[in-house]
Amino acid sequence: SLHCNSANNRSARGIETYAIAPGGQAEKLANAVQRRLVIETDRLDRGVKFANFAVLRKTNMPAVLTEICFISNFEEEIRLKDDAFLDRVANAIAGGICDFLGREYKVMKPFDKTVVRYNGVVVDFFGLEVKNIDGYNYAPVRFLAEALGKKVAWNGELNCVDIVDRIKMGMQDNRL
C-alpha cells in the first residue's frame, strides 16, 4: 500500500515502511522495500515500523505499507510532483519486492525517443516515426494498422477513421 506521510511539524521528512508485526515474512519484505527506497530516493531512513493497519492485517500474504515522503514538507512535496522521482520510487519498490523473492530486478530504461509498441514489442517498420506536434504524439495510423493486418479507411459520412480486422471487413462495410 503506497501513501504519502503528513505531520504538523513541517520539517518532518523521510520514508518509512510498515509491516503487521516483527519477525515474519512481512518484516523481511518491509526491510527489503525500505532499503531500496532509501538508496534510490536518497531520503531520510525513518525505518521499518509495525502497525495493525487493515491493509496489512486483512491479507493472506506478506504485505507492507510505505509512507513515501511527507506531503506536509515543502521540499518533499515538490519531489512528489516530479515524474523522475516517482519513477525511482516505483523502481525501488519493485526492486525491494524482487530482493524479498530472491529474484533479479532489471530497471526498464526509457526509450531515447517516443516509440510505438504492440503487445510489448516495439513496432519499427521501415523507419516508422512518431511525430510530436504541439505537444501531442502522432503515429502513422494507416501504416501501423496495415502492418498489424488491419484495414484502414476514411469514413467521410461519420468523419472518422475506421480500423477493422481484414477478416471482418467484408461483413462490416463493403466500402472498406
### Hits in the stretch 18-43 (condition: within 22 Å of K106 (Cα to Cα), in contact with a helix residue (DSSP H, G or I) (Cβ under 7 Å, 6 or more places away or on another chain) and open to solvent by less than 20 Å² (accessible area, probe 1.4 Å))
L29, A32, V33, L37, T41
### Query
at pLDDT below 70 and loosely packed, with under 10 Cβ neighbours inside 10 Å - does that describe any residue in the stretch 129-147?
no
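Is the stretch 10-17 home to any residue that is within 23 Å of the chain's Cα centre (by Cα), outside any loop (DSSP other than H, G, I, E, B) and closer than 20 Å to Y105 by Cβ?
yes
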### Message
Looking only at the stretch 88-114, filter to residues that are of a type in the set (F, W, Y) and at pLDDT below 95; which one of those is surrounded by the fewest Cβ atoms within 10 Å (Cβ to Cβ)?
### Response
F111
### Query
Just to be sure, is K106 basic (K, R) and either over 21 Å from the mean Cα position of the chain (by Cα) or in a strand (DSSP E or B) (or both)?
no
## Note on the structure
If we ask which residues in the stretch 44-79 are of a type in the set (A, V, I, L, M), surrounded by fewer than 16 Cβ atoms within 10 Å (Cβ to Cβ) and in a helix (DSSP H, G or I), their number turns out to be 3
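Look at G23 and say whether it is over 30 Å from K131 (Cα atoms), free of Cβ contacts under 8 Å to residues at least 40 places away in the same chain and either out of contact with any Asp or Glu (no Cβ under 7 Å at 6 or more places or on another chain) or in a loop (DSSP other than H, G, I, E, B) (or both).
Judged against the criteria, G23 is a match.
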### Task
Can you confirm whether the stretch 54-64 contains a residue that is in contact (Cβ under 8 Å) with a residue 12 or more places away in the chain and of a type in the set (S, T, N, Q)?
no
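The values are calculated or read from the model by the stated rules, or taken from the named source; none is laboratory data. Bear in mind the structure is a predicted one, so any value in this text is a computation, not a measurement. FYI the Cβ positions are ideal-geometry reconstructions off the backbone, even for glycines, and counts take in every protein chain you see. We work out accessible area using only protein heavy atoms, side chains counted, and drop any ligands, DNA or RNA first. Shrake-Rupley method; radii C 1.70, N 1.55, O 1.52, S 1.80 Å.
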